[in-house]
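Heads up, the thing below is written out as structure tokens.
The values are calculated or read from the model by the stated rules, or taken from the named source; none is laboratory data. Here the structure is a predicted model, which means the values were calculated and not measured. When we count neighbours, we look across all protein chains shown, and the Cβ atoms used for this are built from the backbone with ideal geometry, even at glycine.
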Amino acid sequence: MRKGEFLISAMLAIVVILFIMGLQRHWQPSSLKDAATSAEQYVLGKSGASGGYPDIPGFERIGTFSIDRQYRGALYRSNSVTLGFAPGRLVIYGRENQIAYQVDTLEGARDAWTALYDFAGRQGLPVRNARPRPSYLRDLTGDGKPDLVIGLYSGGNRCCTTVNVLQVEKNSLQAIGHIEGLNGWPFESLEIRRIGPDAIRELVAHRSQVTACGPREVAADVISVYSFSGGQYQDETLKFSDFLQGVLRENLAKWTREKDPSLGLLQTLAAQYAVLGQPDRAKKFFAQNLARFLPQMKQQGFDGAACIDDLNSLVDRLANPQSQ
């Protein structure tokens, strides 16, 4: 090749490279939602194909989870933050970065709100500076297959959390549980414990039931028990009356022991009587003990008569869930 032809070819190559770089600099996805939801938009990060987590255009990666040898997760948050929070996405990848599971989330502008239940932690959350690595898998159903529990926070006034339970199959993740409306952050209002006689671990969910008696801070704590049946975690609260009776006894002891028991505990006790099928006893216990709270309720703008009516309605609903 002649020297002049070589120079011309080199200059043309440089022009092409600069043109491509210009396109990349000014290109933006036309729709952030489309870019987030389309698997085709996932590209490998800077670390390359071996060990690199995929990136999503318009999102930043704010957390990663090493689940087991086959699965790992990444938590993403949109670059568009509004009022202190932003859309997010939790993605669990299998081998070759194939998407095994994904769910839309909501994340704080500074902190991640989505969590994976850490069985080596405390109340599902990892303990800071603790030696054991997070342990995200546990056989909850007694069938020998590990399960994964995901907590999604809604961003409300300390309410609410949704829990998704996944069973880890050989080549897939299967959803076996979906529980909504739990109190607070993940996993403040979820207990994972063995209640029944078999190997199944039940999920005990706590939900606040706000009434006309006061704000959420004094709401009734209503317990639901989810057990694995028919391939899914289902609400089987009524099957665990012995467990519920034990919780009721503990709260009654707390009521008599404390010098100034709270209105929240009173509403909780009424709700627990109702769940156990004793609505009349619930209403009577509540009416007999409400007087001590009336001055404070009046000062806060809550009416005693409206409180009793609303609490009685709650009791009837809890005592007759099949009628709802």
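Can you say whether Leu125 is buried (at least 20 other Cβ atoms within 10 Å of the Cβ) and of a type in the set (A, V, I, L, M), as far as the supplied structure shows?
Taking the combined requirement at face value, the residue does not satisfy it.
Can you spot a residue in region 120-143 that is farther than 30 Å from Asp198 by Cβ, assigned to a strand (DSSP E or B) and charged (D, E, K, R)?
For region 120-143, residues farther than 30 Å from Asp198 by Cβ, assigned to a strand (DSSP E or B) and charged (D, E, K, R): absent.
Among the residues of region 235-245, is any among the small types (Gly, Ala, Ser), modelled with pLDDT of 95 or more and farther than 27 Å from Gly214 by Cβ?
So far as region 235-245 goes, yes, one or more of its residues are among the small types (Gly, Ala, Ser), modelled with pLDDT of 95 or more and farther than 27 Å from Gly214 by Cβ.
Filtering region 237-250 down to residues that are out of contact with any Gly (no Cβ under 8 Å at 6 or more places or on another chain) and buried (at least 16 other Cβ atoms within 10 Å of the Cβ), which residue is farthest from His178 (Cα to Cα)?
Leu248
Hey, does region 293-305 have a residue that's within 27 Å of the chain's Cα centre (by Cα), at pLDDT 95 or above and not polar (S, T, N, Q)?
Looking for residues that are within 27 Å of the chain's Cα centre (by Cα), at pLDDT 95 or above and not polar (S, T, N, Q), one finds none in region 293-305, hence no.
With the structure loaded, tell me whether Ile223 is in a strand (DSSP E or B), of a type outside the set (Ser, Thr, Tyr) and either touching an Asp or Glu at 6+ places or on another chain (Cβ under 8 Å) or over 27 Å from Val168 (Cα atoms) (or both) or whether it fails that test.
So Ile223 passes the test.
Return the total of residues in region 58-78 being over 16 Å from Asn97 (Cβ atoms) and either aliphatic (A, V, I, L, M) or surrounded by fewer than 19 Cβ atoms within 10 Å (Cβ to Cβ) (or both).
Final tally of qualifying residues: 3.
Go through region 196-228 residue by residue and tally those that are surrounded by fewer than 19 Cβ atoms within 10 Å (Cβ to Cβ) and more than 19 Å from Thr162 (Cα to Cα).
8
Which of (1) assigned to a strand (DSSP E or B); (2) crowded, with 21+ Cβ neighbours inside 10 Å; (3) polar (S, T, N, Q) is the odd one out, the single condition Thr162 does not satisfy?
Condition not satisfied by Thr162: (2).
Lys283 is checked against (1) under 30 Å from Ile179 (Cα atoms); (2) at pLDDT below 95; (3) of a type in the set (Lys, Arg) and fails just one. What number does that condition carry?
(2)
Can we say Gln296 is touching a residue at least 60 places away in the same chain (Cβ under 8 Å), surrounded by fewer than 13 Cβ atoms within 10 Å (Cβ to Cβ), farther than 25 Å from Glu202 by Cα and of a type outside the set (Asp, Glu)?
No.
Being out of contact with any Leu (no Cβ under 7 Å at 6 or more places or on another chain) and closer than 11 Å to Val168 by Cβ is the filter here, so list the residues in region 117-139 that pass it.
Passing the criteria: Arg138, Asp139.
Scan region 286-303 for residues that are over 18 Å from Thr268 (Cβ atoms) and in a loop (DSSP other than H, G, I, E, B) and report the count.
3
Might you let me know whether region 80-94 holds any residue that is closer than 25 Å to Ile192 by Cα, of a type in the set (Gly, Ala, Ser) and part of a strand (DSSP E or B)?
no
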